[in-house]
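S.K.: Structure in structure tokens, see below.
The values are calculated or read from the model by the stated rules, or taken from the named source; none is laboratory data. Given the structure is predicted, the values throughout are model-derived calculations rather than measurements. A quick note on method: Cβ atoms are made from the backbone with ideal geometry, for glycine too, and the neighbour counts reach across all protein chains shown.
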DNA sequence: GATGAATGAGTCTTCATTCAT
DNA sequence: GATGAATGAAGACTCATTCAT
């Protein structure tokens, strides 16, 4: 409890605490779900006492909100980046979109977030609403819009552009869910970037007139 | 040692009590997840007392297992029916497959089951294993095999047949999850049969040489 | 309820039911104690339904009372028989007393009753009172009186006659408790008649002037 | 998810909490038996909340085991002390033994422990086994051995030495049980030291040739 | 600020008791 | 009379939350 003078190295500063707690909480919530998650587990994994958590969060639900919040923010950035990048042709747009998404799906813990959103949507409708309104509708809407525009230019066959969009990105979602759900019990994993590359090329070939 | 209440009790008695309990439990588990589900809720929704549940199930977990079990069985039948039907050409096979699956997805509560499997896979690994081994691997394997066979006949372009299979059915899964997750908070629903019809035709067009 | 004329053998009559229930209850109570005894066990062991018990007894406690009652009655008879028999000399009285008691202790389930009385005395003080007042005080009192009389005649050395009485019969009680408590876990049993014979002779030798 | 009460809490905190709980539990178990004992009672008597008990013991059975354990240990010490003391003659050995035992029986709560052992032996056979193996067999064995040795030296008449041993100490046990069972309902108590002194002298007189 | 012992409302589970059949 | 499915009050145990230190 008292700090030895000459041991500077692993002295954590209190400013990091909330993030560490949220990180630990994310792991536990993603693994167990909200109700089955134990504050003891979170505290232990964060390396703090249970009481310390309450210095930064008022309730378990608040921690959960913070976890989800931290899952939304970076993806918003990804979206913005995607929107900023502006490839010339529609196929390149789709390829770039899929590539970035596959990379994100492969390298970030977004799978845990998605699991939580799916699993807790009914217990925390606000959570589902935030994800839907701030991430999914914009993303899906942008994709749908791009498809509709390409259709207007005659580059894409007729058809419901929203269905085209869903057909394009669904394998990514399923791949992420697969990794969270079945890989831990021995299922053969999917190579998401490879899956998406093949899928996008197939889709594009099927979508052009 | 316990005080008699004085209210009327006992309404009926039946051999299908267990099914009523499982049905009620399915609703509650699908809505809340395992941990957040309350036996009181299940009992109330089944129209029985909490104690009555324990005449048929030893633990909450047993009820959960029974719920999942009842979600596996009918789908096994669907699979078998699919295998029995044997359309002449590969595209017709895929079309038939997608049609049946879209119908099942639209008319059965499989979405709730899938939510439960995703949400509780880590807490009940056996559950994930059963689903993976008995339903998903056979179904995905059959589809993958059919694709590989069509590739061998030159009817389908080269490419990882498992990735093709995933690309084909993913929108269905996503559609079901969407319905469970976002529709309750106001999201625009997907017309699964229509989505799948368009998706399959697009995929087929993209898959042929 | 009606006795078929030609099937006399295994037709239980309702008049036997209470006794069968009490007998079954005795086994279960003696083994588990009152609180840990299950009416299901009792019903099963008595070969009746749980509901049937309530045709004859209003509560679990009533069954317990009946069990204890049935344990008191026969011993009262034994006491009376002892009192009726009137050997000539004091040593013969003691010998006869010890012999009868050892026989009873060896051949009746009185051990279970005693265990119940000891174990439940605090939860059912009335039970302890009945045993004390109706069995123990009379028996111990008679023995003490006989000893005091013998002392008055100069046949027994001075000393507290109640202590002499306790010293005489204690090994019997301990032997019975031993059988109920330690023999089931592998303890070497006591041969109660032999133990009592040796003990009585030793005591008598020590008690005479 | 739980509503804060608003009353003052937390009074003290100590390392000897477990001992206080065991002490309280001993009283309740000795009075009610294991099954009828309520954790609420134990908690209230220990001056802690029900939840606090679970900081120190995992289950009700663990508390029970701890209670019994604490009843074994001191008696083991008594035994060792008895063995260490080595009077010259056999009668003095017996007198010392009886005196110490009577003192222990009169001044310690061993009666409650014995009641528990007798009452719960069938529900917790391990409990009976521990007492038998670690306390009773050594004690009874030592006494029996001393008697046999004295017989070999011709100081004691022939006869089963184990029966002699049982005859010597039984009144002590019965006295303790009497105190627990009948004294609370108004029975005349026994003066254990006086009883034992008279009993031992009587026995010794009867045992010598 | 941090800790972790303590709290107590809430949950699963049991079982004596009831009553429709 | 008998049955046993059903009840519901109560008990063991959990865990988010609090607060003395």
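S.K.: For residues in the stretch D:157-174 being at the interface with another protein chain (Cβ under 7 Å from one of its Cβ atoms) and not in a helix (DSSP H, G or I), which is farthest from residue C:179 (Cα to Cα)?
M.R.: Checking each candidate, the answer is D:159.
S.K.: Here's another thing I want to ask about it. Would you check if there is a residue in the stretch D:160-183 being at pLDDT 95 or above and farther than 22 Å from residue D:105 by Cβ?
M.R.: The answer is yes, given that some residue of the stretch D:160-183 is at pLDDT 95 or above and farther than 22 Å from residue D:105 by Cβ.
S.K.: Go through the stretch D:65-82 and count every residue that is within 14 Å of chain C (Cβ to nearest Cβ) and within 16 Å of DNA strand E (Cβ to nearest atom).
M.R.: The number of residues fulfilling the criteria is 0.
S.K.: In the stretch D:120-130, what residues are touching a residue at least 60 places away in the same chain (Cβ under 8 Å) and either more than 9 Å from every other protein chain (Cβ to nearest Cβ) or not in a loop (DSSP other than H, G, I, E, B) (or both)?
M.R.: Residues satisfying the conditions are D:120, D:124, D:127, D:130.
S.K.: From the set of residues in the stretch B:103-114 that are touching a residue at least 12 places away in the same chain (Cβ under 8 Å) and away from chain A (no Cβ under 12 Å), which is nearest to residue A:180 (Cα to Cα)?
M.R.: Across the stretch B:103-114, the extreme among qualifying residues is B:113.
S.K.: Which one of these does residue A:74 not meet: (1) in contact with a helix residue (DSSP H, G or I) (Cβ under 7 Å, 6 or more places away or on another chain); (2) farther than 18 Å from residue A:145 by Cβ; (3) at pLDDT below 95?
M.R.: (1)
S.K.: State all residues of the stretch A:43-59 that are surrounded by 13 or more Cβ atoms within 10 Å (Cβ to Cβ) and away from DNA strand E (no atom under 12 Å from the Cβ); if no residue qualifies, say none.
M.R.: Of everything in the stretch A:43-59, just one residue is surrounded by 13 or more Cβ atoms within 10 Å (Cβ to Cβ) and away from DNA strand E (no atom under 12 Å from the Cβ), namely A:45.
S.K.: Let me ask something else about it. Tell me, which helices (runs of 4 or more DSSP H) lie completely within the stretch C:22-84 with 3 or more residues that are under 20 Å from residue C:111 (Cβ atoms) and in contact (Cβ under 8 Å) with a residue 40 or more places away in the chain?
M.R.: So the answer is C:60-84.
For (1) within 10 Å of chain B (Cβ to nearest Cβ); (2) crowded, with 23+ Cβ neighbours inside 10 Å; (3) touching a helix residue (DSSP H, G or I) at 6+ places or on another chain (Cβ under 7 Å); (4) in a helix (DSSP H, G or I), each residue gets a yes or a no:
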| site | (1), (2), (3), (4) |
| --- | --- |
| A:137 | yes, no, no, yes |
| A:144 | no, no, yes, yes |
| A:149 | no, no, no, yes |
| A:155 | no, no, yes, no |
| A:176 | no, yes, yes, yes |
| A:188 | yes, no, no, no |
| A:199 | yes, yes, yes, yes |
| A:204 | yes, no, yes, yes |
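S.K.: Let me ask something additional. Which one of the conditions (1) touching a residue at least 12 places away in the same chain (Cβ under 8 Å); (2) more than 30 Å from residue B:117 (Cβ to Cβ) does residue A:179 fail to meet, given that it meets all the rest?
M.R.: The failed condition is (2).
S.K.: Just to be sure before I move on: is residue B:117 assigned to a helix (DSSP H, G or I), at the interface with chain A (Cβ under 10 Å from one of its Cβ atoms) and touching a residue at least 24 places away in the same chain (Cβ under 8 Å) in the structure I sent?
M.R.: In short, yes.
S.K.: Within the stretch D:13-31, restricting attention to residues that are crowded, with 19+ Cβ neighbours inside 10 Å and within 13 Å of DNA strand F (Cβ to nearest atom), which residue is farthest from the other protein chains (Cβ to nearest Cβ)?
M.R.: Of everything passing the filter in the stretch D:13-31, D:21 is farthest from the other protein chains (Cβ to nearest Cβ).
S.K.: Further, regarding this structure: If I go through the stretch A:1-33 residue by residue, how many of them are at pLDDT 90 or above and over 25 Å from residue B:124 (Cα atoms)?
M.R.: Within the stretch A:1-33, residues that are at pLDDT 90 or above and over 25 Å from residue B:124 (Cα atoms) number 3.
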